[in-house]
Amino acid sequence: MKTSTFRSAPARRSAKVAAVLAVGVLALTACGGGSDSDSGGDDPAVNTEATFEAGTTMAKIQEAGVLKLGTKFDQPGFGEKGLSGDPKGFDVEIAKIIASGMGIGADKIEYTESPSAVRETLIIDGDVDLVAATYTINDERKERISFAGPYYVAGQQIMTRSDDTAITGPDSFKSDASLKVCSVAGSTPADNIGSYLANKNQLVTFDVYSKCADALKNNQVDAVTTDNVILLGLVGKSNGAFKVVGDTFTEEPYGIGITKGDVEFCNYIVDTLKKASEDGSYEKAWTSTAGAVEGAVVPELPTADACA
C-alpha cells in the first residue's frame, strides 16, 4: 500500500476528442505505465539516474524527494479519491510519469485537492509544484501561470436526468429560461455555457462537480455541463440516473499548470510526455483510467505549445 500525504486546499493544434460518447459503466483501475522495484505495482519506472542543472525546478524537486501535486478528488476517470484514499485517474497517472522522470516514485507524491477556482492560487503561492486537474489552457489563465502541453483535448457537453426529454443540447437553455444548469465556479465550462443561456440566473455553480451531480439528482437543477469525459464518469456512477445529450460544443485542451515563466520545467514536462507517448506509458495511463469507458479510443498526444 502506498503511503501518500494529503492536504486540503482552500485552462495549438487541436487533437481529436478521444472518448466516444457512449454511456457505459466505468471500470477504473489505479495505475498505468511501467514498473520496477522502486515504484511498485504498475506505476511508472523511476529514473534513478536522472540529473538536472542546479537551481532548476526539476533539481529542487529531486532534492526534496517529493512532488507536490495539485489534482481533483472528484473527477471520475481523471482524478478521484478511491476506497483506499489514493487519487486515481488519467491526470494522476500523467503526474506519476512526470515525477518518475525526476527520480520520484509514486509513493513520494504529495496530493493537494485543487478545485477549479483555486488552481492558479495554489501554483502562485507555491503550495504545489504543478497542477494536473482537467486544467483547460486559456489566455486568461496564462496571465498568471504557465502551461506545459496540452496532453489531452476534451469537449464540453450536457448531462441530464435519464428521463429528461426537454434538453437536447446547450441551445435548450436559451429556448426555455426556466431550465437551470450547474457547473463549477471558476471553470472554463461555467464561462462557456454563458452564451447559451437566456439569463445568467440559469447558471448554478458549486466548488466541485459532485455537488452538481447531487443537485441534478435532487431536481434542484435540470442539467450539468463540463467536459465530456468527466460527464461520462458521472454517468457511469449514477446507476442509470443520468445521460449525456447532444454533441460536444467546445474543444478543451488540458495542460499541466506550473509557475509562470518556468521554461525549463515546461520543456522537461513536454519532453517527458513525448517519450511516454513513444514508449506506451501514455497509452497505458489512458486505458487504465479514463479510457476504461466503453467505446473510448486511445488519444494521440497533442502537439505541445511552445514553452514561454
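Over 23 Å apart at the Cα level, from the set 60/108; 108/237; 200/260; 81/180; 108/284; 81/260, are 108/237; 200/260; 81/180; 81/260.
Taking each of 217/275; 88/274; 68/243; 142/217 in turn, the alpha-carbon distance tops 31 angstrom for 217/275; 68/243; 142/217.
Here 171, 207, 129, 43 are placed in order of increasing Cβ neighbour count within 10 Å, fewest first, which gives 171, 207, 43, 129.
What is the ratio of the Cα radius of gyration of region 156-245 to 2.2 N^0.38 Å, where N is its residue count, to two decimals?
My calculation over the Cα atoms of region 156-245 gives 0.94.
Ordered by the count of other Cβ atoms within 10 Å of each Cβ, fewest first, 120, 143, 252 give 143, 120, 252. Each of 82, 121, 185 was scored by the projection of its Cα onto the charge dipole of the chain, and the greatest displacement toward the positive side belongs to 185; charges sit on the C-beta of Lys, Arg, Asp and Glu. Taking each DSSP H run with n ≥ 4 as -39500 (n - 2.57) and averaging over every residue of the chain yields -7000 deg cm²/dmol at 222 nm. Projecting the Cα atoms of 166, 291, 111 onto the charge dipole of the chain, computed from C-beta unit charges around the Cα centre, puts 166 farthest toward the positive end.
Any read-out appearing in this document is the output of simple, stated calculations on the displayed coordinates, not a laboratory observation. Since we're looking at a predicted model, the values are computed, not measured. Positions of Cβ are backbone-derived with ideal geometry, glycine not excepted, and every protein chain shown enters the neighbour counts.
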